[in-house]
């Protein structure tokens, strides 16, 4: 028996009214691969306006970001100013003079998808009107405007029950009649990996990222503990990308993107795409690395070797039987990293190896065996990564 999304939403609304607040919310299958796009916050903060979003959408197309898979254009906090007499959210008329629907139409006209921001509490992190008490009104507005993705923050919400409130937001989105991705942004405080899978398509695992090496290292290792919760349609979110914002070296940014790809993380660029360097563009549009992130198997990678010496080996199984392997060096000096086929789950025998940052096929390599002295070795730059795609030879 096939149950429509609208009917399922009605049944769940009835159950919620009877006190079953934590009923899993039926929803269409969305985000079967990790969402990719751009968000205004990391670079622009509250300085958002219609012209900026239009220019950024244009740049996504012109720069090759769209062709690389970046799809969502998301306005973060500070676009909203008030509610009208009917409780509907109102966009800042000075910064968004054409209105949100017109802006969404422009983004859609470029073949991209449109996203917006709110908060599960009564106020956003910047003190603008949040959605608490207005989930249905906001969901209807988003649907009418053509919103495809909504990021829902957790400020001013400490007294609320996260699973209950995010389920109510999910239900409101489903009942709006539009397929809308829900990004849960409660910073991992309420262990969303334990309950958010039936509710949102992605959920934050930690506090906010910063544009520095220490932040990337901390977030990657914290988010890596929750790999079992991730899969097609439900992803751990270690926060948006800082690539190109100037706080790290090119090698550190390559490692940043590599770790996010190994974790099957959403890839939401946070730089000024209009003015990015050729190096930044090459990092963000690396087709080999993006393919690992977007692999249809949808498995989040795990740390398989961590000897406590400042190096790690991450493993991600891929559709078709291959493996993505990232050798990461947290040292300020170069390091040798070694692994054997058995440690990445490959059978004995030959395997083909491709270096994903050098875009170079390295040919066939026989099983290095069990002797620690005969493993597959790579030299990794300071704060750098060697990212490989390895598959059994045919």
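The values are calculated or read from the model by the stated rules, or taken from the named source; none is laboratory data. Quantities reported herein were computed from a predicted structural model and do not represent experimental measurements. Every residue, glycine among them, receives a Cβ derived from its backbone with ideal geometry; neighbour counts consider all protein chains shown.
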Using the structure shown, decide if residue 239 is crowded, with 20+ Cβ neighbours inside 10 Å, in a loop (DSSP other than H, G, I, E, B) and more than 16 Å from the chain's Cα centre (by Cα). no
Is it the case that some residue within segment 79-96 is under 23 Å from the mean Cα position of the chain (by Cα), closer than 23 Å to residue 138 by Cα and assigned by TED's automatic domain parsing to the domain that holds residue 289? yes
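Could you list, in sequence order, the residues of segment 183-210 that are over 13 Å from residue 223 (Cα atoms) and in a loop (DSSP other than H, G, I, E, B)?
At the first step, the residues of segment 183-210 found to be over 13 Å from residue 223 (Cα atoms) are 183-186, 190, 194-201, 210.
Across segment 183-210, the qualifying residues are 185, 186, 190, 195, 196, 197, 198, 199, 200, 201, 210.
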Some residue of segment 301-317 being part of a loop (DSSP other than H, G, I, E, B) and either crowded, with 20+ Cβ neighbours inside 10 Å or in the same structural domain as residue 215 (by TED's automatic domain parsing) (or both): yes
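Just wondering, is there one or more residues in segment 359-377 that are outside any strand (DSSP E or B) and closer than 11 Å to residue 391 by Cα?
Going through segment 359-377, the residues outside any strand (DSSP E or B) turn out to be 359, 366-375.
Remaining after also requiring closer than 11 Å to residue 391 by Cα: none.
No; the residues of segment 359-377 include none that is outside any strand (DSSP E or B) and closer than 11 Å to residue 391 by Cα.
For residues in segment 136-172 being over 24 Å from residue 107 (Cβ atoms), without any contact (Cβ under 8 Å) to a residue 60 or more places away in the chain and touching a helix residue (DSSP H, G or I) at 6+ places or on another chain (Cβ under 9 Å), which is surrounded by the most Cβ atoms within 10 Å (Cβ to Cβ)?
First pass over segment 136-172, keeping only residues over 24 Å from residue 107 (Cβ atoms): 136, 154-168, 171.
Going one step further and asking which of them are without any contact (Cβ under 8 Å) to a residue 60 or more places away in the chain, we end up with 136, 154-160, 162, 165-166.
Okay, now just the ones that are also touching a helix residue (DSSP H, G or I) at 6+ places or on another chain (Cβ under 9 Å), so 136, 154, 157, 162, 165-166.
On the way: 136: 18, 154: 23, 157: 21, 162: 20, 165: 20, 166: 27.
Restricting to residues being over 24 Å from residue 107 (Cβ atoms), without any contact (Cβ under 8 Å) to a residue 60 or more places away in the chain and touching a helix residue (DSSP H, G or I) at 6+ places or on another chain (Cβ under 9 Å), the top hit is 166.
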Could you tell me whether segment 363-379 includes any residue that is surrounded by 14 or more Cβ atoms within 10 Å (Cβ to Cβ) and under 29 Å from residue 36 (Cα atoms)? no
Going through (1) more than 19 Å from residue 302 (Cβ to Cβ); (2) within 18 Å of the chain's Cα centre (by Cα) one by one, residue 169 fails only at (2)
Are any of the residues in segment 29-47 loosely packed, with under 14 Cβ neighbours inside 10 Å, part of a loop (DSSP other than H, G, I, E, B) and modelled with pLDDT under 95? yes
Of the residues 227, 220, 265, which single one is in the same structural domain as residue 191 (by TED's automatic domain parsing), under 12 Å from the mean Cα position of the chain (by Cα) and closer than 23 Å to residue 200 by Cβ? 265
Could you look through segment 82-95, keep only residues that are closer than 15 Å to residue 47 by Cβ and out of contact with any helix residue (DSSP H, G or I) (no Cβ under 8 Å at 6 or more places or on another chain), and pick out the one that is surrounded by the fewest Cβ atoms within 10 Å (Cβ to Cβ)? 94
